[in-house]
Amino acid sequence: MQNKTIAIQPVKTGPGRPRATLKGRSVDPAALAEVRALLGDAPRRADLLIEHLHRLQDRYGQLSAAHLAALAADMKLAQAEVFEVATFYHHFDVVREGAASPPALTVRVCESLSCELAGAKDLLARLPAILGTDVRVIPAPCVGRCEQAPVVVVGQNPVAHATVDGVRMLAAARQSTCVVAPYSDYAAYRKDGGYALLADCAAGKRERDAIIKTLEDSALRGLGGAGFPAGRKWRIVAAEPAPRLLAVNIDEGEPGTFKDRYYLERDPHRFLEGTLIAAWAVGIAEIYIYLRDEYAGCRDILTRELAALAADPPCPLPPIHLRRGAGAYICGEESAMIESIEGRRGMPRLRPPYVAQVGLFNRPTLEHNMETLHWVREIVEKGAAWFADQGRHGRKGLRSFSVSGRVAKPGVHLAPAGITVRELIAEFCGGMLPGHTFYGYLPGGASGGILPAALGDVPLDFDTLQAHGCFIGSAAVIILSQHDTAAAAARNLMKFFSDESCGQCTPCRVGTTKALKLIERQQWDGPLLEELSAVMADASICGLGQAAPNPIRCVLKYFPHEVAP
């Protein structure tokens, strides 16, 4: 991508009197020197803006107005463009001129539903006084560790099952880097037969059409939430003109979801090999991996393992780019993610055109969730029938359920597609917690709605829950007990949607805020909420606004006793 330099003539401030400097913020020479020293010989392409903002944030702990202006000048971008991107994402600390710098350490208390059930509100209330004024304690949206609730992130280090004492100890240590647990690295993966399938593909021992046909016959669907058949997507993109790109979505921000992190922390190369097989089969020129910023440990793992892969490749590889998110749930939407990869605010695009035809850098783009690609190698090696025959209650395939809430064994549970939530709790989760009775559940995270225990025998899969006003999405299952209320859960979820709306369209921007105010009342105005929900669902640009009313509608339909006069 080329940046054009535009010659700007001096501005006249009076008859025959040109302005000595351009209108707007002038560039501080010292700040410009610091920016240039930090970036070194890194390209100044516009699509790397967010990457460069991260480097500034990591180095200085904030984004000062002087550094932002200097970065704009160095990248030959408008200052407004740099400022609007920096202020869009939660994890960038933009310090305006004259404002105080943030404390050296930030502690984020996850306030997602699973963490709220486990006592996050108490932590959020107590920690500021205990940690002192040199530590900033702020609430955070779901950090993708719901099975470890409540979770507090100290710097970049997550504290599982957090207590005040545990957070205080880690905060006092001031450890800035994330600790990574042992995992299967490149050498171990190769020793266990990894990348042999990819090498066979590159050597011509496999046929592209046969690989795509295997994916089609396996009934593997997109496991990020949309559920589009994976093999069909490969065939659609392969038919588009080259060069084609592959964008991998690991912006796993849906509250209740943590399966991508679970697999990445243990076996990253299984996903990487699946990605490269997909790239080979579809004829992909370059690969972009978009990883949410909350997963600092996964970022360390991928950085290390991509370097190991590049140093000793099993075959020629396409360029692989690892891009870092900056804290924006909306970037889980495929076109918003593409906008972010291109260095802009993560705002969804209107469709058509679709990403498969006009996607990343205006090229045909194969967009996939990480877990979908995780299964590619095993499906090709074991055959389509192996995967398709795994289902239950007439469904096909396997599902990685992220289960949290009031169960004895929360975590990622690999189970047959179509299993019911009662079966999932009994067979995989060790039953309910002592003293808790099954009351309700979220079958698909924040967006998927809320169902009562009376509907606990509905098969969990794509296309099975829509009749009840819900969907499985990314298979994030949150279990509620008699100690909880669906209304309180809906308030938590609507606050999340209100905070995370990108603001691009009025139905979502205004609707989520208005809905939150309405459901904060003890008694709900059902007709008004339904009217508002209909507008949001029908007129919002993307899935955030379209799905945000689901929890409200479910409470009114299945739990009316909680909100009725």
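The values are calculated or read from the model by the stated rules, or taken from the named source; none is laboratory data. All figures in this text were calculated on a predicted structure; none of them were measured in a lab. We place every Cβ from the backbone using ideal geometry, glycine too, and count neighbours over all the protein chains shown. Calculation scope for accessible area: heavy atoms of the full protein, side chains included, ligands and nucleic acids excluded. Shrake-Rupley method; radii C 1.70, N 1.55, O 1.52, S 1.80 Å.
State the number of residues belonging to the stretch 510-537 that are charged (D, E, K, R), touching a residue at least 12 places away in the same chain (Cβ under 8 Å) and in a helix (DSSP H, G or I). Here the count works out to 2.
Sub-7 Å Cβ pairs linking a first residue in the stretch 401-413 that is touching a residue at least 24 places away in the same chain (Cβ under 8 Å) to a second residue that is crowded, with 24+ Cβ neighbours inside 10 Å and of a type in the set (S, T, N, Q), at least 6 apart or interchain, are 402/257; 404/114; 405/114; 410/404; 412/402, ordered by first then second residue. Note on the stretch 34-59: among residues that are in a helix (DSSP H, G or I) and free of Cβ contacts under 8 Å to residues at least 24 places away in the same chain, the one that is nearest to residue 294 (Cα to Cα) is 58.
Out of 72, 78, which single residue is open to solvent by 20 Å² or more (accessible area, probe 1.4 Å), out of contact with any Gly (no Cβ under 8 Å at 6 or more places or on another chain) and without any contact (Cβ under 8 Å) to a residue 60 or more places away in the chain? Step through it out loud before you land on a result.
Numbers: 72 fails: open to solvent by 20 Å² or more (accessible area, probe 1.4 Å).
Just one listed residue meets the conditions, 78.
Against the definition (under 21 Å from residue 251 (Cβ atoms), open to solvent by 10 Å² or more (accessible area, probe 1.4 Å) and in contact (Cβ under 8 Å) with a residue 60 or more places away in the chain), how does residue 221 come out, yes or no? Considered against the rule, which asks whether it is under 21 Å from residue 251 (Cβ atoms), open to solvent by 10 Å² or more (accessible area, probe 1.4 Å) and in contact (Cβ under 8 Å) with a residue 60 or more places away in the chain, residue 221 comes out as yes. Of all the criteria given as (1) over 24 Å from the mean Cα position of the chain (by Cα); (2) open to solvent by 40 Å² or more (accessible area, probe 1.4 Å), the one not satisfied by residue 463 is (1). For the stretch 147-183, the candidate set comprises residues that are surrounded by 19 or more Cβ atoms within 10 Å (Cβ to Cβ) and assigned to a loop (DSSP other than H, G, I, E, B); within that set, the residue that is farthest from the chain's Cα centre (by Cα) is 162.
Could you check, for the stretch 497-505, whether at least one of its residues is over 29 Å from residue 228 (Cβ atoms) and not hydrophobic (A, V, I, L, M, F, W, C)?
Taking the stretch 497-505 as the starting set, the residues that turn out to be over 29 Å from residue 228 (Cβ atoms) are none.
No.
Listed here are the residues, each with its yes/no results for (1) at pLDDT 95 or above; (2) assigned to a loop (DSSP other than H, G, I, E, B).
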site	(1), (2)
100	no, yes
109	yes, no
115	yes, no
121	yes, no
126	yes, no
138	yes, no
144	yes, yes
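Quick check: anything in the stretch 538-547 assigned to a helix (DSSP H, G or I), of a type outside the set (Ser, Thr, Tyr), open to solvent by less than 10 Å² (accessible area, probe 1.4 Å) and without any contact (Cβ under 8 Å) to a residue 40 or more places away in the chain? No, the conditions are met nowhere in the stretch 538-547.
Before we move on, is residue 364 closer than 24 Å to residue 250 by Cβ, open to solvent by less than 20 Å² (accessible area, probe 1.4 Å) and in contact with a strand residue (DSSP E or B) (Cβ under 9 Å, 6 or more places away or on another chain)?
Values: closer than 24 Å to residue 250 by Cβ: yes; open to solvent by less than 20 Å² (accessible area, probe 1.4 Å): yes; in contact with a strand residue (DSSP E or B) (Cβ under 9 Å, 6 or more places away or on another chain): yes.
Criteria met by residue 364.
So, residue 437, is that one touching a helix residue (DSSP H, G or I) at 6+ places or on another chain (Cβ under 7 Å) and open to solvent by 40 Å² or more (accessible area, probe 1.4 Å) or not? So residue 437 fails the test. Of all the criteria given as (1) in a helix (DSSP H, G or I); (2) on the phi > 0 side of the Ramachandran plot; (3) not acidic (Asp, Glu), the one not satisfied by residue 337 is (2). The lone criterion from (1) touching a Lys or Arg at 6+ places or on another chain (Cβ under 9 Å); (2) modelled with pLDDT of 95 or more left unmet by residue 92 is number (1).
Which one is surrounded by the most Cβ atoms within 10 Å (Cβ to Cβ) among residues in the stretch 192-206 that are out of contact with any helix residue (DSSP H, G or I) (no Cβ under 6 Å at 6 or more places or on another chain) and touching a residue at least 12 places away in the same chain (Cβ under 8 Å)? That would be 202. Every listed requirement among (1) of a type in the set (A, V, I, L, M); (2) touching a Gly at 6+ places or on another chain (Cβ under 9 Å); (3) more than 15 Å from residue 275 (Cα to Cα) is met by residue 291 save one, (3).
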